[in-house]
Amino acid sequence: MEIPNHVAIIMDGNGRWATKRGLKRSAGHLEGSKTLEKLALHAMNMGVKVLSVYAFSCDNFKRSPEEVTYLMDLIVKYFNTKFEKINKKGIRVVVSGRKTNLRPDVLAAITNIETKTQDNQNGILNICFNYGGQEEIIDAAKKLALDINNGLDMTNFTREDFFKYLYHDLPPIDLLIRTGGELRVSNFMLYEMSYSEFYFTNTYFPDFDKSEFNKALFMFQNRDRRFGGLNDQKSN
Ligand code: IPE
Ligand code: IPE
Ligand code: MG
């Protein structure tokens, strides 16, 4: 069974999951955080090496102050309380996104979990927080410009080389999942998804359990990835 090396999830539909039940949107975010915990462990058990998740976009600051504060509090609580479990499983946590506009306690929680799990070898959980795909490319371009100013020779620079300038040097995405029914990528990992397979489902993220994840894996196994070439070597 071919397992994707890098899976990325746009965790959408928390708000609608809650509204449908007559609950506040925040209840959906809390439930979503529980789903993420189960899913991360399951994905690593299935052999996925890197799991990237979209937790908060740069554009999510457009939401009400109440919802933004809830999401900031949730990430701090999540990192501080789930650390033991994640660490025990040997998972390394990295956070991708801009460090500007974030509260000091959020920044401290990020540094803390990244530092404490940095030697773990059983898989990487990449949490995209205050993240934008175009912003990541701009930030990478700025780092590259510095190296060019310092004499980097660009003659043989490849698209693979550019990965080193992204927030973390992660492999390209093999399988991109979006829950919640929207058919768009909402400024997620634009550089990394160039040849990824897409899986869209109407299921709201809090309901996206192990069996839903396995459906996406199954679909992936039946895709014919060609990367611009031909798998069937016959030519006319
Ligand atoms: C995704 O769920 C989580 C975040 C964006 C933080 P939403 O909050 O976007 O849920 P819907 O799309 O409104 O249902
Ligand atoms: C994308 O969902 C961001 C996250 C899942 C964190 P949004 O709900 O913000 O995306 P749009 O607004 O529907 O494009
Ligand atoms: Mg949404």
Ordering of 82-89, 11-18, 194-201 by packing [mean C-beta count within 10 Å, highest first]: 11-18, 194-201, 82-89
Max mean-square fluctuation residue, GNM over the chain, Cα-Cα springs under 10 Å, options GLY181, GLY28, GLY151: GLY151
Restricting region 103-204 to trypsin sites (Lys or Arg not before Pro) in coil, as DSSP defines it, with at most 11 other Cβ within 10 Å: ARG184
Mean Cα-pair separation over length for the chain, i.e. relative contact order, pairs under 8 Å, 6 or more apart, %: 28
Residue-normalised accessible area of region 1-43, expressed per residue, 1.4 Å probe, Å²: 44
Which listed pairs, of LYS38/LYS215; LYS38/LYS88; LYS85/LYS164; LYS62/LYS142, have C-alpha distances above 20 Å, in listed order: LYS85/LYS164; LYS62/LYS142
Candidates PHE129, PHE208, PHE162, ranked by Gaussian network fluctuation over the chain, Cα under 10 Å, top entry: PHE162
Three-way shape label, the chain, alpha-carbon gyration tensor, a/c 1.5: oblate
Accessible surface of the chain, 1.4 Å probe, proportion on carbon and sulfur as whole %: 51
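The values are calculated or read from the model by the stated rules, or taken from the named source; none is laboratory data. All values reported here derive from a predicted model rather than from experimental measurement. No Cβ is skipped: glycine too gets one built from the backbone with ideal geometry, and neighbour counts run over all protein chains shown. Calculation scope for accessible area: heavy atoms of the full protein, side chains included, ligands and nucleic acids excluded. Shrake-Rupley method; radii C 1.70, N 1.55, O 1.52, S 1.80 Å.
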